[in-house]
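Notes follow the structure.
The values are calculated or read from the model by the stated rules, or taken from the named source; none is laboratory data. Keep in mind that this is a model prediction, so the values were computed, not measured. Neighbour counts are summed over all protein chains in view; Cβ atoms, including those assigned to glycine, are modelled from backbone coordinates with ideal geometry. SASA here: full protein model, heavy atoms, side chains in, ligands and nucleic acids out. Shrake-Rupley method; radii C 1.70, N 1.55, O 1.52, S 1.80 Å.
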Amino acid sequence: IMNIVETAVNHGSFKTLVTAVTAADLVETLTSEGPFTVFAPMDDAFGKLPEGTAETLVKPENKEQLTSILTYHVLAGKIMSTDLSDGMKAKTVNGKEVTVHLKEGKVFINDAEVVLADVETDNGIIHAVDKVIMPA
């Protein structure tokens, strides 16, 4: 089994996320023992941001902002979709909370829909989401 970063690279739909994680120097963290739960925006999620946003965020001068956004997608611990409940709040590695919403059999983290749940890695879990969630 591969770690979170290797799994994301291998999947092929997280190229922008992997680029961003690399730019923010979070590869070492996300390949460490963990466990972590990552709400991983797929490539098309980054495409929904205003034009040029993803390209701007990966520039060295925006590293702090990028790190803040990426760590807002990460929870400490291994949290499966079955552990999530409607209205549940979870503190992210960023320090701010996300809120879980269960609607019509779908799971949302804030306003991002989980489109692929419970991808197991050797240091945690990936849940793919259809939007980049921004810390308030």
Mind telling me which of the residues ILE69, ILE79 ends up being hydrophobic (A, V, I, L, M, F, W, C), assigned to a loop (DSSP other than H, G, I, E, B) and at pLDDT 95 or above?
ILE79
Does at least one position in region 88-102 carry a residue that is open to solvent by 80 Å² or more (accessible area, probe 1.4 Å), at positive phi and not acidic (Asp, Glu)?
no
Residue count, region 3-17 (criterion: modelled with pLDDT of 95 or more, part of a loop (DSSP other than H, G, I, E, B) and out of contact with any helix residue (DSSP H, G or I) (no Cβ under 6 Å at 6 or more places or on another chain))
1
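Please work out if ASN123 is polar (S, T, N, Q) and in contact with a helix residue (DSSP H, G or I) (Cβ under 8 Å, 6 or more places away or on another chain). Steps first, answer last, please.
Values: polar (S, T, N, Q): yes; in contact with a helix residue (DSSP H, G or I) (Cβ under 8 Å, 6 or more places away or on another chain): yes.
For ASN123, the condition - polar (S, T, N, Q) and in contact with a helix residue (DSSP H, G or I) (Cβ under 8 Å, 6 or more places away or on another chain) - is met.
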Pick from THR16, THR7: which is crowded, with 20+ Cβ neighbours inside 10 Å and either charged (D, E, K, R) or over 12 Å from the mean Cα position of the chain (by Cα) (or both)?
THR7
Mind listing whichever residues of region 2-49 are touching a residue at least 40 places away in the same chain (Cβ under 8 Å) and on the phi > 0 side of the Ramachandran plot?
ASP25, GLY34
Residue check, PRO41 against (1) in contact with a strand residue (DSSP E or B) (Cβ under 8 Å, 6 or more places away or on another chain); (2) more than 20 Å from LYS131 (Cβ to Cβ), all met but one. Which one?
(2)
If the Cβ limit is 6 Å and pairs must be 6+ apart or interchain, which residue in region 77-103 that is without any contact (Cβ under 8 Å) to a residue 60 or more places away in the chain pairs with which residue that is loosely packed, with under 11 Cβ neighbours inside 10 Å?
GLU97/LYS89; THR99/LYS89
Options ASP111, ASP83: the member that is under 15 Å from the mean Cα position of the chain (by Cα), open to solvent by 40 Å² or more (accessible area, probe 1.4 Å) and over 20 Å from MET2 (Cα atoms)
ASP111
